[in-house]
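Peer 1: One structure, as structure tokens, below. Some questions next.
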Amino acid sequence: MFEFVKDIFRKRTLKKHASTVPTGILPLDQIKSYVAIIDVEDTSYDTCKSAIMNFFRSMDIRGAVFFQDFRKIGSEDRLITSIQTTITKKDLDWIGRPNKYKLGVLEEQNPDVFISLIKDPDFAIEYMTKTSTARFKIGRKQMDGNLFDLVINDPVGKDISQLESWGAIKNYLGKIM
């Protein structure tokens, strides 16, 4: 019963807060800013973060990499990423939406392109994607409502890292004119 109620509130909040900015595939020369979200549970997350930042920096495109860290962190454990750009379970409300502060930090970037390298996106990613005013949205798995303009799926029967997915995305970005 609780899941049913939660789904009703999720649908209502998505409808209420959805971006009205039209999206589509943009060539690199039209991209001035980016936001990428990566999962710290993927062992390639640090290398992936550097690869993303280096690529966009080389193109003179500003932006930020955000982290999804849903690991259970004990009292002796420390967060291994910036608290400003890390979304943890504690940052989610009861329906799974990130808090206003984290969403505000994300919105401040005002990205032209929104990239989710989360392999199995949850409601938090769905909410951030749907409410983002980015004009080009890229993901690893399509979500209800065709939220992403470009989807780079893992090959059938193969489990690839975020870094490998980023390599494929970077390859496609270079081909879009």
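The values are calculated or read from the model by the stated rules, or taken from the named source; none is laboratory data. Owing to the predicted nature of the structure, the values given are computational and were not obtained by experimental measurement. All Cβ positions, glycine included, derive from the backbone under ideal geometry; neighbour counts span all protein chains shown. Surface accessibility is based on the protein's heavy atoms, side chains included, excluding ligands, DNA and RNA. Shrake-Rupley method; radii C 1.70, N 1.55, O 1.52, S 1.80 Å.
Peer 1: Suppose the filter is closer than 18 Å to Leu103 by Cβ and either of a type in the set (S, T, N, Q) or in a loop (DSSP other than H, G, I, E, B) (or both); does Thr20 pass it?
Peer 2: For Thr20, the condition - closer than 18 Å to Leu103 by Cβ and either of a type in the set (S, T, N, Q) or in a loop (DSSP other than H, G, I, E, B) (or both) - is met.
Peer 1: Whether any residue in segment 30-39 is open to solvent by 30 Å² or more (accessible area, probe 1.4 Å), among the β-branched types (Val, Ile, Thr) and within 16 Å of Ile169 (Cα to Cα) is what I want to check.
Peer 2: No, that holds for no residue.
Peer 1: Of all the residues that make up segment 129-155, how many are open to solvent by less than 60 Å² (accessible area, probe 1.4 Å), assigned to a loop (DSSP other than H, G, I, E, B) and out of contact with any Leu (no Cβ under 8 Å at 6 or more places or on another chain)?
Peer 2: Total satisfying the criteria: 7.
Peer 1: Open to solvent by 50 Å² or more (accessible area, probe 1.4 Å), over 16 Å from Asp39 (Cα atoms) and touching a strand residue (DSSP E or B) at 6+ places or on another chain (Cβ under 9 Å) - does that describe any residue in segment 67-80?
Peer 2: Scanning segment 67-80 turns up no residue that is open to solvent by 50 Å² or more (accessible area, probe 1.4 Å), over 16 Å from Asp39 (Cα atoms) and touching a strand residue (DSSP E or B) at 6+ places or on another chain (Cβ under 9 Å).
Peer 1: In segment 29-43, is there at least one residue being closer than 23 Å to Arg12 by Cα, in a loop (DSSP other than H, G, I, E, B) and among the basic types (Lys, Arg)?
Peer 2: Scanning segment 29-43, I find no residue that is closer than 23 Å to Arg12 by Cα, in a loop (DSSP other than H, G, I, E, B) and among the basic types (Lys, Arg), so the answer is no.
Peer 1: Among the residues of segment 1-26, write down those that are within 19 Å of the chain's Cα centre (by Cα) and in contact (Cβ under 8 Å) with a residue 40 or more places away in the chain.
Peer 2: Scanning segment 1-26 gives Arg10, Thr13, Leu14, His17, Ala18, Ser19, Val21, Pro22, Thr23, Gly24, Ile25, Leu26.
Peer 1: Could you tell me whether Ile95 is in contact with a helix residue (DSSP H, G or I) (Cβ under 7 Å, 6 or more places away or on another chain) and part of a helix (DSSP H, G or I)?
Peer 2: Taking the combined requirement at face value, the residue does not satisfy it.
Peer 1: Filter segment 156-177 down to residues that are open to solvent by 50 Å² or more (accessible area, probe 1.4 Å) and part of a loop (DSSP other than H, G, I, E, B) and give me whichever is nearest to Ile31 (Cα to Cα).
Peer 2: Met177
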